[in-house]
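Novice: Provided herewith is a single structure, encoded as structure tokens, for subsequent inquiry.
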């Protein structure tokens, strides 16, 4: 009979949990085996904090003494201080080329609401020191979160991450997706890459299709100093959006995937595997399957529910272009029927049922939905949207429509034609919840029946937004705060607006869109959320440039919502 040693047990545990080594207090301070000759150029990270556990992450890059893909071993340590004067936990972790030499430790049996420091040690090199924190338990007075999305390496330096790392006192960092982008050199937002020193390397300059492609892109992104600093400063709670796979992903395909590029499900599986390898996330049941929705409890103050609006259930997006006639006319009847289809779903039935049950059972003072796309109704006058499809043949009607709406709000009399121009509205972004309006209304109805204090956060658009979430009857259901991008260009780029024009449009958008309270259409940055018993505060912080790693603060904007 073979002896099932502790070493064999650890190997079996690693295989069964997708490469996550579980560390309990019983294993604390065990003698680690001799580490390998490795380096840590991608830094350290932590994530998926619980009240008694957290994931620690690094990548052990092989040295000259580990050729041919041999297994590597490192020592990891956890302490209460950054000098490690009193090490609480110490252990060994093994990794292989099959996991791209990434390492995850699920450290369990920790104290709630406690700051810990961690590091990894090789034969001759030591990783940077990381700081992490467990979630609070019991009565909690305040929770502070930093919220990010859409970091595109060729578009610029990740200064928003660096700015948040300087602030540092976060309970957690929420990343709402587009952590990487799949585009090749010469693709989206790469125009200035060579000029600013952010060109894609030759061995990863194509579009991402294979597991090796996705792994190399993550490795590139994790060389950014700002991203490394934030990962080392606070635990991440992350979900994917579309660009971790391909643009406008849905459950059975993507806008940026063609049959000539191979099987979509094979590509998706490769992308998801690389995501789980490179993000400090706890895989469900130890598998890299496409189920990422999950919940986190910040004591009795806040329950956070992270959703997947991309992969697991989304039906294909509607497209205005498919309802345009050859003469440019829009088939509103057919479009309206498609939009009102009660079977269309963004979440999928399994996730939708999970969310409904979770909200019903949740006892947090605030309910926070962390997800990718805008939930608020972003309906614009139809002639603005249709103008985008007319190839610029007509002048932009937005300024005139803003003036008409302002006149209407002042009580001035409008002609029937003028009223029709304002009242004939369509959703501007069918990739968002506006393209799945029936399911959104069902969610609103459920939240209202439960009487929950709802806040929704979103990314995806590259711009900052604040929305009042209202159902079809006009009843206020909750609030939405959306984060700007880290580097990806926003509406100022799509509409070719200079800074002054973008600011003017941002002032006009809340006039035209019922429920929209604020937007910023031209700056990069991040969003801070502070929850207390009485209020939630959103603060958008903007950086003054992304063309170099030297930056300053360009400004900020705050919105406070008080209960009652």
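Since every read-out is calculated from the coordinates, none of them should be taken as a lab result. As the structure is a computational prediction, the values presented were derived from the model and not from experiment. Neighbour counts are summed over all protein chains in view; Cβ atoms, including those assigned to glycine, are modelled from backbone coordinates with ideal geometry.
Novice: Distance in nm between label sites at residue 202 and residue 37, each 7 Å beyond Cα in the beta-carbon direction?
Specialist: It works out to 2.7 nm between the two label points.
Novice: Moving on. Can you tell me the 0 to 90 degree angle between the C-alpha axis of helix 6-16 and the longest principal axis of the chain, rounded to 10?
Specialist: Approximately 20 degrees, to the nearest ten.
Novice: Another one. Given points 7 Å out from each Cα along the Cα-Cβ axis, report the residue 504 to residue 126 separation in nanometres with one decimal.
Specialist: 5.8 nm
Novice: Another question, if that's okay. What order, most packed first, do the peptides 506-516, 168-178 have when packing is the mean number of other Cβ atoms within 10 Å of each residue?
Specialist: Values: 506-516: 18.1, 168-178: 22.5.
Result, highest mean Cβ count within 10 Å first: 168-178, 506-516.
Novice: May I ask you to sort 70, 405 by Cβ crowding, counting other Cβ atoms within 10 Å and putting the fewest first? The partial results should precede the final answer.
Specialist: On the way: 70 11, 405 20.
Ordered from fewest to most neighbouring Cβ atoms within 10 Å, 70, 405 come out as 70, 405.
Novice: Please give the length that would be gained between residue 409 and residue 252 if that part of the chain were fully extended, namely 0.36 nm times their separation in residues minus their C-alpha to C-alpha distance (nm, one decimal).
Specialist: Values: separation 157, 0.36 × 157 = 56.52 nm, distance 4.46 nm.
Fully extending the segment from residue 409 to residue 252 adds 52.1 nm.
Novice: Let me have the relative contact order for the stretch 486-548, percent, based on Cα pairs under 8 Å that are six or more residues apart. Could the numbers behind the result be given before it?
Specialist: Details: 69 pairs, mean separation 18.0, N = 63.
In percent, rounded to a whole number, it is 29.
Novice: 222 nm [θ] for the chain, helices only, -39500 (n - 2.57) per DSSP H run of 4+, per residue, to 500?
Specialist: Working: 13 runs with 135 residues, N = 564.
My calculation for the chain gives -7000 deg cm²/dmol from helical runs alone.
Novice: Oh, and also: How long are the semi-axes of the ellipsoid equivalent to the stretch 406-564, from square roots of 5 times the Cα gyration tensor eigenvalues, in whole Å, largest first? Each step should come with its number before you reach the end.
Specialist: On the way: eigenvalues 147, 109, 46 Å².
Three semi-axes, in Å: 27, 23, 15.
Novice: Relative contact order of the chain, please, whole-number percent, based on alpha carbon pairs below 8 angstrom and at least 6 residues apart.
Specialist: Details: 1312 pairs, mean separation 80.1, N = 564.
It comes to 14 percent, rounded to a whole number.
Novice: Relative to the longest principal Cα axis of the chain, at what angle does helix 211-221 sit, 0 to 90 degrees, rounded to 10?
Specialist: The angle comes out at about 90 degrees.
Novice: Okay, next question. Residue 340 versus residue 287, label points 7 Å from Cα toward the beta carbon: distance in nm?
Specialist: Label at residue 340, label at residue 287, 4.0 nm between them.
Novice: On to the next question. Compute the distance from the alpha-carbon center of the stretch 250-295 to that of the stretch 502-564, in whole Å.
Specialist: 31 Å
Novice: So if we plug the beta-carbon distance of residue 266 and residue 333 into 1/(1 + (r/R0)^6) with R0 = 45 Å, what FRET efficiency do we get, rounded to 0.05? Intermediate values should be presented prior to the final figure.
Specialist: Values: r = 39 Å, r/R0 = 0.87.
For residue 266 and residue 333, the calculated efficiency is 0.70.
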